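Participant: Next up is a structure, given as structure tokens.
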């Protein structure tokens, strides 16, 4: 009798979260950035596109802001600035009253939307940073804009806050049955096509163009310091 056994499904790896910036002893997670970016997009949804910065510019400003906030949170902790649950509940009560709700009603709404924990932590962070900024004015223990800019220009800052680029390549091997002039002509042709918006991965997948063999493919996302030297 022949039988067959069902093999267990192999789970595919799923990215849970990752660090996208480091600010001294703190980090900025991709999930933090994505949450804040969603809020920014919601705020911009009803604004006219004319005169609005490009998304890349806004995303860079947002990442800079998250780095600054991380530095401020670290400074606040070093200076003993805390927000306990009673203070947090008082702030939530104020927000509830501004929305014509009781504290319990407001909490129920947040729980029903799955926003209770994230709202508490976001508000705690906002209050800590607000208290730190007030203390910084009074005690002159602030992180100046110049200090932040100096960090962002430093080697560590440039590496940690640098954008990632999706890199792909096309190789025209010198071993093909073609002359240097033919390969140079093909390289120029491909360059012009890419400048017009052609898909580099589709070109690389063709394997042969104008009778000349080519190869290549996707190299994934890389920071500038991780780019292959040929680039």
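Just so you know, all these numbers are worked out from the coordinates, no wet-lab data involved. Since we're looking at a predicted model, the values are computed, not measured. Cβ: placed from backbone, ideal geometry, glycine included. Neighbour counts: every protein chain shown.
Participant: Using the 10 angstrom Cβ neighbour count as an exposure proxy, how do 60, 196 rank, fewest first?
Facilitator: 196, 60
Participant: Expected output is a single nm value to one decimal: the length gained when fully extending between residue 77 and residue 119, i.e. 0.36 nm times separation in residues minus the C-alpha distance. What is it?
Facilitator: Length gained, residue 77 through residue 119: 13.1 nm.
Participant: Hey, another quick one. Run the numbers for residue 194 and residue 169: contour at 0.36 nm per residue of separation, minus the present Cα-Cα distance, in nm.
Facilitator: Gain on extension, residue 194 to residue 169, equals 7.9 nm.
Participant: Turning to a different aspect of this structure: With each pseudo-label sitting 7 Å past Cα toward Cβ, what's the residue 210-residue 108 distance in nm, one decimal?
Facilitator: Inter-label distance under the simple model: 7.3 nm.
Participant: Taking the beta-carbon count within 10 Å as an exposure proxy, list 202, 118, 178 from fewest neighbours to most.
Facilitator: Going from least to most buried by this count: 202, 118, 178.
Participant: State the extension gain, in nm to one decimal, for the chain segment bounded by residue 155 and residue 219, taking 0.36 nm per residue of separation less the distance between their alpha-carbons.
Facilitator: 20.6 nm
Participant: Between residue 181 and residue 34, what FRET efficiency comes out of the Förster formula 1/(1 + (r/R0)^6) with R0 = 30 Å and r the beta carbon distance, rounded to 0.05?
Facilitator: Here the calculated transfer efficiency is 0.05.
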